[in-house]
Amino acid sequence: MDFIALDFEIANNDLSSACSLGMVFVDQNRIVDEKYYLIQPPGLKVDKSFTKVHGLTEADLKDAPTFDEVWAEISGFFHSDTLVVAHNAYFDMSVLKSTLLHYSLEIPEFNYACSIPISTRGLNGFKVGGSLKARAEHFGVELDHHHNALSDSRACAEVVLRCVELRKRKSLQSFCSTYSSIPVKSFVDLKPQTSFYTKTKTRKSNVRKTFNSVSVSDITPSATEFDDKHPLFEKNLVFTGELTSIDRAEAMQLVVDKGAVIKSGVSGKTDYLIVGQQDPTIVGPDGLSTKERKAHELMKKESKIKVLKEEEFLKLIGTGSVSH
C-alpha cells in the first residue's frame, strides 16, 4: 500500500468525538479501496453547530458503532509500514489520538504526512488557498460532498496523486523524500490538540470562539541534522495572524526542521516576525496585532527584526532568500 488518505468529522468541541471516518487506500498510484464509517460519539453528544458543517445528527449516529468497535475492524491497517495522509493532518491525527486515548486503546506506530505542504509543492509557485476545496479545484479534483468524510479523504488522495504525477515522482514516498519541506512524522510522538475551539476575549470583552491554535511547545524537530547555512538556522521566529496557503502547525514544523526556534512573543531577540491575515474585529482598524506593533516599536530602536508577509516567508523556506 502506498498510503491511506483519511478524514474525520467530529460531533462536538471535543476532538475525541469522532462521528464519521473516511479512508481511501492507494496502491501503485491508484485508488484500490475505500471505507466509510459512521461513529457514535461518546455520550451521543452532537453539537448543532457541527451538524451544520457535516450534516450528521444524533438520529444518524444513535445506532452507529462506537469508535472502539470501528477500531477493532481497522486497526490492522495502522502499522510501522503505513503512511497516512490527511488534509490539515494535525487535526485528523489529533482526532484519532484523542479518540484512542478516550477508549484506552493502544497507540499504533505509523507515520503520517499532511497534504497541504505536499500540494503546495505541486502548485509549483502558484498561490492557491490552503483549504481542501481550493486545492481540489486547482488540481481539477472533484469534491462532490465537502465535509463528508469519504468525499474529503478521496479528494485528498486524488490531490496527492496529482502532485506526484505533476512532479514526475514514482510514489508519494519518493515525492516526500525529494522535498525536505514535507515532514513525515511519527504518530506516536504526536501531542494532540484536544478541543476544536477555545474561548478568547475580544477587545469589547465579548467571548469569541476561535480555532484552538497549536502550542509552540508541541512543535519539535523531525530532523536530526540541520543546514547551518540556511538563513533560518538558529533564528528566533514568531507567528501572528492566519496563514492562508499553509496550516500554522505545518509552517511551524517547517521552520524548526530548518533549525529555527519558535517563540510565542516578540522581543529584542526576535529575528523574524511572520505576519498572516488578521481579524480586524480583534486587532482593530489599523490591522496590526499586538506582536506586530511591538516589532515596529523595537525596529525604531535599531532592532534587527524582519517582518515577513506570508509570500515572503514561503519563499524564504523554499529558496533560502527573501524578496525585497
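Only a single criterion out of (1) exposed (fewer than 14 other Cβ atoms within 10 Å of the Cβ); (2) of a type outside the set (S, T, N, Q); (3) in contact (Cβ under 8 Å) with a residue 60 or more places away in the chain is not satisfied by Pro285, namely (3).
Note on segment 202-250: among residues that are modelled with pLDDT of 85 or more and within 22 Å of Ile118 (Cα to Cα), the one that is surrounded by the fewest Cβ atoms within 10 Å (Cβ to Cβ) is His230. Restricting segment 164-178 to residues that are farther than 14 Å from Val26 by Cα and of a type in the set (A, V, I, L, M, F, W, C), the residue that is farthest from the chain's Cα centre (by Cα) is Leu166.
Taking segment 70-129 as the range and being among the aliphatic types (A, V, I, L, M), more than 21 Å from Lys35 (Cβ to Cβ) and without any contact (Cβ under 8 Å) to a residue 24 or more places away in the chain as the test, only Leu123 passes.
Has segment 67-76 got at least one residue that is acidic (Asp, Glu) and under 21 Å from the mean Cα position of the chain (by Cα)? No, there is no match, as no residue in segment 67-76 is acidic (Asp, Glu) and under 21 Å from the mean Cα position of the chain (by Cα). Restricting segment 251-282 to residues that are within 19 Å of the chain's Cα centre (by Cα) and touching a residue at least 60 places away in the same chain (Cβ under 8 Å), the residue that is surrounded by the fewest Cβ atoms within 10 Å (Cβ to Cβ) is Asp257. For beta carbons closer than 9 Å, sequence separation of 6+ or different chains, a first residue in segment 299-317 that is in contact (Cβ under 8 Å) with a residue 12 or more places away in the chain and assigned to a loop (DSSP other than H, G, I, E, B) and a second that is among the small types (Gly, Ala, Ser) and buried (at least 18 other Cβ atoms within 10 Å of the Cβ), the qualifying pairs are Ser303/Ala295; Ile305/Ala295. Annotation for segment 108-115: at least one member residue is of a type in the set (A, V, I, L, M) and buried (at least 21 other Cβ atoms within 10 Å of the Cβ). Screening Asn13 on (1) modelled with pLDDT under 95; (2) closer than 17 Å to His87 by Cα shows it passes everything except condition (2). Of everything listed in (1) at pLDDT below 95; (2) assigned to a strand (DSSP E or B), the single unmet condition for Ser49 is (2).
The values are calculated or read from the model by the stated rules, or taken from the named source; none is laboratory data. In this text, all values refer to a predicted model and were calculated from it rather than measured experimentally. Reconstructed Cβ throughout: ideal geometry from the backbone, glycine too, with neighbour counts over all protein chains shown.
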